[in-house]
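S.K.: Let me begin by handing over the structure; questions about it come next.
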């Protein structure tokens, strides 16, 4: 028996599965202890919290890496209720001590825009692992938008499609956008987004996003796919402008410049050649420039103004650099702000402008549609389902040697999916749960196929041949299912995309990593 | 004649059963489309609905209200959620698939009478579908491409046309028949339900590939021996899944997940017919023809 165990542990397929499992668990990073405290969801602009130096959490941070509030004025904070209780009756102009996972802050209370005393911190109960929960499971932000002027049904549809794309390009995938109307027949757009920073989204949604580049009074090109065929978002042609960098402003803060490359359509490039041809060349210190600048406007506000090099006169250049700036109290804040502005501008240029300006009517936090007890219940149901699977296979095979590795593999496959989900930071939602159910279901199917093929030992004596036979069926089913899921992944409709993605990732881990390890295990356990 | 003899000898007659079921299913879907204008009963996530927002929340218990409404309007698709600001619940939203004024009024009346609310305590919004108009078109296109791709993969794998078509036909029949039985239950389909129908592809393909491999690639025993061998494995697979789903159906509380489970349960039962009668029949006819 010991020799068998040794053989199993030293088998490369089993070793590979264990390595993958370790990676998965490290990336999920489940925390059983030390879950006290509340995590900062967002910091309101110009609030006491922002002035004290608390930063908006970057969406790239993993849930556990986000800044956590530990104590408030010396009192320990364990739950979100503690925090709300302690901060509900504050007086104006008092100094408060806030301890977070990153350090200590001194906050000075002040009235916010609406005249209430508010610290400007949006918080939620600290997460217990790096798994991100989607809208269905954790709730999120509900935004009600109203078109600034009455629009046609067609324009409403264009607006909705554009908003969806904007949020997607911006990197928010767990989003529901739909048309709504009240009983008086007024049109609204209702958006639900899994937990996000509110200010950012507010700007992204309410901006009409009419982007124009002008020379003098003439427009060279607009934002959107017609004039701009490509917008660079990789590090080699976008980011903080190395030539301009950051500089100190008169009020003691820092202003930083960003840049990114775009490619114009031929038509737009021609227009630029025509317009620059009319300008005259001015020679000055540091080089020759044209007599007029190119100015960039967003919703009729100037974003930036650039000199045009003399060599560009009358030339139809298709590659252009767009630039702009951001500012903050420290240099790091300036860089963050510039990059945030850059991301928003890129999003708007890619998706083009909306047919109409939208006003944010209200913005609230909404509870998950699946309810609070949903996850507990689903875990219970999952365990009961695994138990019933164990019962059936025990009745069929009557061998603990077969059933034990089977259970180990089923659980491993789920851990692998969840590990991958937290590694790439994708939101667990209903689609993902459906994907996990199918992976577990076909997983059991394939383990039964492998078992039956290898147990038929009387006919084929060679173990390698038996496992090869088994894997032939498993691979066939795998490739066919993948072929069925791929078009759904590309079909574009949100839910199906998530489902197809989870399924493909899950069965790939299953078929390529976990199920071969099972074959290796039962080979060792059942071999005479 | 014993059941076993009928199964072994009359397989060509038996083959009629899945095709009759398939035709009946298509008929049901056709009638459903003609009568209601939709091929399936669509729920709130698919066709939109209305949202009643209650601003007086002190006496509202979300779970209790949900159960109360589900009880009173068993046919409606209702979802109750809280809307909060800074940790305080400020309002309760009752989302439902009610789009007609009469339906909305009935629902509003039930809610306002339960809590004694005045006109100023609530507001009503009618919502469109969360999915664009092109959603179903896109999904159908994707499904057609999916079945084509699957056909190509199976064709490359087995290098014979008829058995490959049989795998695709079995998966397609499974989805169509399950859809029609689902329609008969009167449950309203949600987006998660669509995912469940797609999951059937995976389950159906598993048993069919198993069967085709055993019948076409293996040499030991007679054809019927191989059919029974495959069936032993296949039935173990289906039984474990059916038992697991059955247990889940009893204990799961979420309506959405329940719907996924119901669709899978129906689909797996249909798959038994499609694999062990339809696909076996086609493959046996194919093998017989090849021998001649």
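Taken together, the values in this text are just the output of simple stated rules run on the coordinates, not laboratory data. Quick caveat, the model's predicted, so the values are computed rather than measured. Note that we place each Cβ from the backbone using ideal geometry, even for glycine, and neighbour counts take in every protein chain shown.
S.K.: log₁₀ I(q)/I(0) of the protein assembly as shown at q = 0.08, 0.11 Å⁻¹, via Debye over equal Cα point scatterers, no solvent, to two decimals?
M.R.: Debye intensities relative to I(0), on a log10 scale: -0.84, -1.32.
S.K.: Taking the mean number of other Cβ atoms within 10 Å as a proxy for protection, how do you rank A:225-233, A:296-304, A:474-482 from highest to lowest?
M.R.: A:474-482, A:225-233, A:296-304
S.K.: Kirkwood Rh over alpha-carbon pairs of segment A:266-306, then Stokes-Einstein at 20 °C and 1.002 mPa s: what D in µm² s⁻¹, rounded to an integer?
M.R.: 181
S.K.: Hey, got the Cα dimensions of segment A:348-488 along the principal axes, in Å, largest first?
M.R.: On the principal axes, segment A:348-488 reaches 75, 36, 22 Å in Cα extent.
S.K.: Provide, in order from the shortest bin, the percent of all Cα-Cα pairs of chain B in each 5 Å bin, continuing until the bin that contains the maximum pair distance.
M.R.: 1, 5, 10, 13, 14, 13, 11, 9, 7, 6, 5, 4, 3, 2, 1, 0, 0
S.K.: Could you work out how much longer the chain between residue A:387 and residue A:497 gets when fully extended? Use 0.36 nm per residue separation minus the Cα distance between them, nm to one decimal.
M.R.: 36.5 nm
S.K.: Sticking with this structure for a sec: For the Cα atoms of chain A, what angle does the longest principal axis make with the long axis of helix A:430-455, in degrees from 0 to 90, nearest 10?
M.R.: Approximately 30 degrees, to the nearest ten.
S.K.: Over the alpha-carbon set of segment A:355-413, work out the extent along each principal axis and list the three values in angstrom, largest first.
M.R.: 67, 26, 15
S.K.: Still on this model: For segment B:1-158, what is the largest minus smallest coordinate of the Cα atoms on each principal axis, given in angstrom and ordered from greatest to least?
M.R.: Cα extents, longest axis first: 72, 40, 33 Å.
S.K.: Ok, one more. Under the definition of partner shielding as Cβ atoms of other protein chains within 10 Å of a residue Cβ, what is the mean value for peptide A:425-431?
M.R.: Counting Cβ atoms of other protein chains within 10 Å of each residue's Cβ and averaging gives 2.
S.K.: Arrange the peptides B:202-210, A:97-105, B:273-281, B:48-56 so that the one whose residues have, on average, the most other Cβ atoms within 10 Å appears first.
M.R.: B:202-210, B:273-281, B:48-56, A:97-105
S.K.: Expressed as a whole percent, how much of the Cα-Cα distance distribution for segment A:64-115 exceeds 14 Å?
M.R.: Roughly 57 percent, once rounded to a whole number.
S.K.: Could you give the nm distance between label points at residue A:2 and residue A:270, where each point is 7 Å from its Cα heading toward the beta carbon?
M.R.: 8.5
S.K.: Separate question: Please sort B:163-170, A:419-426 by packing, taking for each peptide the average over its residues of neighbouring beta carbons within 10 angstrom, highest first.
M.R.: By packing density, highest mean first, the sequence is B:163-170, A:419-426.
S.K.: Rounded to the nearest 0.05, what FRET efficiency do residue B:120 and residue A:168 have when you use their Cβ-Cβ distance and R0 = 45 Å?
M.R.: Efficiency computed from Cβ-Cβ geometry: 0.70.
S.K.: How far is helix B:191-217 tilted off the main Cα axis of chain B, in degrees rounded to 10, range 0 to 90?
M.R.: 10
S.K.: Let me ask something else. Hey, could you grab the Kirkwood Rh for segment A:130-176? Inverse mean 1/r over distinct alpha carbon pairs, Å, one decimal.
M.R.: 12.6
S.K.: Can you give the direction-averaged projected area of the convex hull of the alpha-carbon atoms in segment A:230-339, in nm²?
M.R.: Spelled out: convex hull of the Cα atoms, projected over all directions, averaged, 8.2 nm².
S.K.: Further question on the same structure: Sort out for me the Cα centre separation of segment A:1-71 from segment A:104-153, rounded to whole Å.
M.R.: With segment A:1-71 and segment A:104-153 each reduced to a Cα centre, they are spaced 23 Å.
S.K.: Right, next: Just the number: Rg to Rh for segment A:38-128, Cα atoms, Kirkwood Rh, two decimals.
M.R.: Rounded to two decimals, Rg/Rh equals 0.93.
S.K.: How much of the calculated P(r) for segment A:185-251 lies past 15 Å, in percent of all Cα pairs?
M.R.: 77
S.K.: Still on this model: Take the Cα coordinates of segment B:49-127, assign each an equal point scatterer, and use the Debye formula without solvent to give log10 I(q)/I(0) at q = 0.14, 0.15, 0.25 Å⁻¹.
M.R.: -0.39, -0.46, -1.32
S.K.: Can you tell me what the convex hull of the Cα atoms of segment B:205-284 projects to on average, as an area in nm²?
M.R.: 5.1
S.K.: Enumerate the whole-percent occupancy of each 10 Å bin, from 0 to the last occupied one, for all C-alpha pair distances of segment A:169-280.
M.R.: Per 10 Å bin, starting at 0, the Cα pair percentages come out as 10, 23, 33, 22, 10, 1.
S.K.: Could you check the spin-label model distance between residue B:285 and residue A:114? Points 7 Å from the Cα along Cα→Cβ, value in nm.
M.R.: It is 7.0 nm.
S.K.: What does DSSP give for the protein assembly as shown in terms of the percent of beta bridges that are antiparallel, rounded to the nearest 5?
M.R.: Around 95 percent of the beta bridges assigned by DSSP in the protein assembly as shown are antiparallel ones.
S.K.: In peptide A:353-366, what is the residue-averaged number of other protein chain Cβ atoms found within 10 Å of each Cβ?
M.R.: 2
S.K.: Right, another one. Using only Cα atoms, find the angle between the long axis of helix A:400-424 and the longest principal axis of chain A, and express it within 0 to 90 degrees, rounded to the nearest 10.
M.R.: Its long axis makes an angle of about 0 degrees.
S.K.: Then there's this: Counting partner chain Cβ atoms within 10 Å of every residue's Cβ in A:445-456, what's the average?
M.R.: 5
S.K.: Give me the distance between the Cα centres of segment B:250-282 and segment A:239-313, rounded to whole Å.
M.R.: The two parts, judged by their Cα centres, are 62 Å apart.
S.K.: Next up: Working from the pairwise distances between different alpha carbons, so that the mean of 1/r is found and then inverted, what is segment A:229-271's Kirkwood radius in Å?
M.R.: One over the average 1/r among Cα pairs gives 12.4 Å for segment A:229-271.
S.K.: What is the gain in length, in nm to one decimal, between residue B:10 and residue B:232 on full extension, counting 0.36 nm per residue of separation less the C-alpha to C-alpha distance?
M.R.: Contour length minus the Cα-Cα distance gives 77.9 nm.
S.K.: Take the Cβ-Cβ distance between residue A:311 and residue A:415 as r, set R0 to 51 Å, and report the resulting FRET efficiency rounded to the nearest 0.05.
M.R.: 0.30
S.K.: Take the alpha carbon atoms of segment A:5-49, find their radius of gyration, then divide it by 2.2 N^0.38 Å using N residues; give the quotient.
M.R.: Compared with the compact-globule rule of thumb, segment A:5-49 sits at 2.19.
S.K.: Then there's this: Label-point separation (nm) for residue B:216 and residue A:327, each offset 7 Å from Cα along Cα-to-Cβ?
M.R.: 7.1
S.K.: Give me the extension gain from residue A:78 to residue A:395: residue separation times 0.36 nm, minus the current Cα-Cα distance, reported in nm with one decimal.
M.R.: 109.3 nm
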